[in-house]
Amino acid sequence: MSSDRQHHRRDVPGFGVVTIRPVRPDDDADLLHGWVTMDRARFWGMRDASRERVREIYAYLDSLTTHHAYLVHRDGVPAALAQTYEPGADPVGDCYEVRPGDVGVHLLIGPPVSAEPGFTGALFGTILNFVFADPGRLRVVMEPDVRNDRMLRRLRRSGFRAGPVIELPEKQARLHFLDRPERVGLANGRAHDDAG
């Protein structure tokens, strides 16, 4: 198991303990299916997937060395699904000039237990800290759907800079980039968040 696949734990002051561990397709299929088929996950692209299809997709991802899926918990409660990938091994890599050290990230925040100001910012900041824990990762690349206004605002608040609009097989997306040096204060993103 590579260091990329190990568990990550961080105590975020004023927020709680965030743990990040690899998705276990068989064990997590019910939870993930419930999340990805909700209306709030319409930009995830799996609204019509069956539970078995969701399990198959994450079993396939688990077999790859270039793509990884993680379940993120806060104080033991599932809170988000995060995926990392090597852009050069993904369709997005055909749409921009991939640099050494680029890492792609997908993020799906789970349904909130209750409205909590700062929740998304604190969680996202911790996930980005986890991604950048590998010193070989120099830039995060994200490609949200151009209609996903909530994520586009989140990325701007988190220090990402917008790149070009690109055409992917399943969506029109806008590339966003975050270089490692631009991450100053990101872990404290909670102070810059809304109800998330």
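Data table
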| quantity | calculated |
| --- | --- |
| Within region 145-163, considering residues that are of a type outside the set (Gly, Ala, Ser) and in contact with a strand residue (DSSP E or B) (Cβ under 6 Å, 6 or more places away or on another chain), the one farthest from ILE109 (Cα to Cα) | ARG161 |
| Residue in region 119-150 that is nearest to ARG10 (Cα to Cα), counting only those that are hydrophobic (A, V, I, L, M, F, W, C) and assigned to a loop (DSSP other than H, G, I, E, B) | ALA133 |
| Top-ranked residue of region 20-76 - restricted to ones that are of a type in the set (Ser, Thr, Tyr) and buried (at least 17 other Cβ atoms within 10 Å of the Cβ), ranked as farthest from GLY121 (Cα to Cα) | TYR58 |
| Residue check for GLY159: among the small types (Gly, Ala, Ser), touching a Leu at 6+ places or on another chain (Cβ under 8 Å) and modelled with pLDDT of 95 or more | no |
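Let's see how each residue does on (1) within 17 Å of the chain's Cα centre (by Cα); (2) in a strand (DSSP E or B); (3) modelled with pLDDT under 95; (4) not aliphatic (A, V, I, L, M):
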{"residue": "LEU32", "(1), (2), (3), (4)": "yes, no, no, no"}
{"residue": "ARG40", "(1), (2), (3), (4)": "yes, no, yes, yes"}
{"residue": "GLU52", "(1), (2), (3), (4)": "no, no, no, yes"}
{"residue": "GLU56", "(1), (2), (3), (4)": "no, no, no, yes"}
{"residue": "ALA79", "(1), (2), (3), (4)": "yes, yes, no, no"}
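The values are calculated or read from the model by the stated rules, or taken from the named source; none is laboratory data. Since we're looking at a predicted model, the values are computed, not measured. Neighbour counts run over all protein chains shown; Cβ positions are idealised from the backbone, glycine included.
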